[in-house]
Amino acid sequence: SGGAGEIEKLALQVPATQWDALQLLQSLGFRVNPNRQICQSAADVQAYYNEWATKRAQLSYLTDGVVVKLNDFVLQQQLGFTQKFPRWAVALKYPAEEVPTVLENVSFQVGRTGAVTPVAELRPVQLAGTTVARATLHNADRLAELDIHRGDTVIVRKAGEIIPEVVRVLAELRPEDATNVTMPTRCPECDSPLVKPEGEAVTRCINSSCPAIVQGAISHWTRRDALDIEGLGEKWVKQLVEQGLVESVADLYSLTVESLLPLDRMGQQLAQKLVDAIAASKARPWASVLYGLGIRHVGTVNAKTLAQHFLTVEDLSTASPDEIATVHTIGPEIAQSVAQWFQVPANQTLIARLAQAKLQLAATPEEQAQAAAAGPLAGKTLVLTGTLPTLTRPEATKLIEAAGGKVTSSVSKATDYLVAGEKAGSKLTKAEGLGVIILSEAELLTLIT
């Protein structure tokens, strides 16, 4: 209500530094941390860090470190961000709080990937503001390293101030009747033999029908950032698996109200809600379905990236590891994992069943048009000639089309790029005569990524 003059006055107060921004926010009535400090050197940062190592216990909230930020906004903008974090800020963590307690037992949990994780069952103890009664023991290698026994006194801390873990064993306090803990050789859920692949730390159950694996896969599928099936929580998933109603996520789409009614505490109205929620999940986008499949190393970010590049499940399932690895932020390990997943016959059957159930296994026409229009080769015409070092002609064509380009068979004045490999023939000569830009395979990959 103050008019243009007041707006102009506010515009002149736009802060140039982090410190000025905090000062402005405070003057406007916002709560900001009163313990902030400008540091002129690394020594000042170290002194501040050391000071709060003990003083943080006096705060009314828990803190596990201090954050150091570049003050100048221009420098912040120049440094930018990684995929997840700013390059202009760093967290300096304090050593995690450690407390002793007694290991009463060890249980073994089987996750949705078949990974078997030993879990310490502890005498409850207060740690970093919460009561801790369970802690991870990670894997077989860690068990052997700790030489842990039931009845041992152990030191526990929270990894990253979140996940409780056993740090070490106080062997000198070990009771005489303590029994050694080792990894089981058979799955605690389905009794199948466990395997520990060479070069990996994780022990796995490889029985795809293992109830724990099936239950984990379905629970993952129902998550909000996957298929978002409201109301289908773990207790219902467990019953569905135990009753033999569901053996894969595809089975969810065959459930009826009548098939759900025999479940414990299930009524007509609730059964109808679950069936409706499952049906509604068919509208979830291709990226959510890809994430829901639970492919190793494919989280929500990678699923979205892959779905934007490979616009249909057919494109992705037929892509080679090298082709997948050309996608920005997708490394060789992720690419290999994705390619291997689609080579498994059971997974191919799953995709076929999901397609039959009418789930979204491709980008919508609007999304495909947007992807093409926004691609680095949008509106460009390319011609391929010769033998490329790593890509086949169909693979190169897919990459170009996914980047918004069009591939034609002959060179003309309308050709923007000629991608030339070994033994390029008359097309190369004609392109050079027309002044068409010549690309190698490496230059093409650089252009589209």
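The values are calculated or read from the model by the stated rules, or taken from the named source; none is laboratory data. A quick note: this is a predicted structure, and the numbers were derived from the prediction, not measured. When we count neighbours, we look across all protein chains shown, and the Cβ atoms used for this are built from the backbone with ideal geometry, even at glycine.
Within the stretch 283-303, the set of residues being modelled with pLDDT of 95 or more, over 18 Å from Val344 (Cβ atoms) and in a loop (DSSP other than H, G, I, E, B) comprises Arg284, Pro285. Please verify whether Ala201 is under 23 Å from Phe108 (Cβ atoms), among the small types (Gly, Ala, Ser), in the same structural domain as Glu104 (by TED's automatic domain parsing) and at pLDDT below 95, treating the condition exactly as stated. Here the answer is no, as Ala201 does not meet what is asked. The residues in the stretch 411-431 that are farther than 18 Å from Thr387 by Cα and either modelled with pLDDT of 90 or more or of a type outside the set (Lys, Arg) (or both) can be counted, and the count is 4. Is it fair to say Val327 is in a loop (DSSP other than H, G, I, E, B), surrounded by 14 or more Cβ atoms within 10 Å (Cβ to Cβ) and touching a His at 6+ places or on another chain (Cβ under 7 Å)? So Val327 fits the description; yes. When Thr429, Thr397 are checked against the criterion of being under 14 Å from Glu323 (Cβ atoms), outside any strand (DSSP E or B) and hydroxyl-bearing (Ser, Thr, Tyr), a single residue qualifies: Thr397. The set of residues in the stretch 255-277 that are assigned to a helix (DSSP H, G or I) and touching a helix residue (DSSP H, G or I) at 6+ places or on another chain (Cβ under 9 Å) comprises Val257, Glu258, Ser259, Leu260, Gln268, Leu270, Ala271, Gln272, Leu274, Val275. Checked against (1) over 15 Å from Leu311 (Cα atoms); (2) charged (D, E, K, R); (3) in contact with an Asp or Glu (Cβ under 9 Å, 6 or more places away or on another chain), Lys406 passes all but condition (3). Taking first residues from the stretch 70-86 that are among the acidic types (Asp, Glu) and partners that are assigned to a helix (DSSP H, G or I) and modelled with pLDDT of 90 or more, the Cβ contacts under 9 Å between residues at least 6 apart in sequence or on separate chains come to Asp72/Gln18. From the list Ser281, Ser337, the lone residue that is more than 14 Å from the chain's Cα centre (by Cα) and hydroxyl-bearing (Ser, Thr, Tyr) is Ser281.
Only one of these is modelled with pLDDT of 95 or more and not assigned by TED's automatic domain parsing to the domain that holds Leu354: Glu258, Glu234. Name it.
So the residue among Glu258, Glu234 that is modelled with pLDDT of 95 or more and not assigned by TED's automatic domain parsing to the domain that holds Leu354 is Glu258.
Report the residue count in the stretch 253-289 for those that are within 30 Å of Lys304 (Cβ to Cβ) and out of contact with any strand residue (DSSP E or B) (no Cβ under 7 Å at 6 or more places or on another chain).
Residues meeting the conditions: 19.
Within the stretch 110-137, the set of residues being in contact with a Pro (Cβ under 8 Å, 6 or more places away or on another chain), surrounded by fewer than 15 Cβ atoms within 10 Å (Cβ to Cβ) and in contact (Cβ under 8 Å) with a residue 24 or more places away in the chain comprises Arg134 only.
List the pairs whose first member sits in the stretch 393-413 and is closer than 13 Å to Lys380 by Cα, whose second member is polar (S, T, N, Q), and whose Cβ atoms are under 6 Å apart, counting only residues at least 6 apart or on separate chains? Between residues of the stretch 393-413 that are closer than 13 Å to Lys380 by Cα and residues that are polar (S, T, N, Q), the close pairs are Lys406/Thr381; Val407/Thr397; Thr408/Thr381. For the stretch 41-91, a residue qualifies if it is assigned to a helix (DSSP H, G or I), within 26 Å of Pro15 (Cα to Cα) and touching a Ser or Thr at 6+ places or on another chain (Cβ under 7 Å), and exactly one does: Phe73. No other residue among Val110, Val119, Val68, Val99 is modelled with pLDDT of 90 or more, out of contact with any His (no Cβ under 7 Å at 6 or more places or on another chain) and farther than 23 Å from Val166 by Cα apart from Val68.
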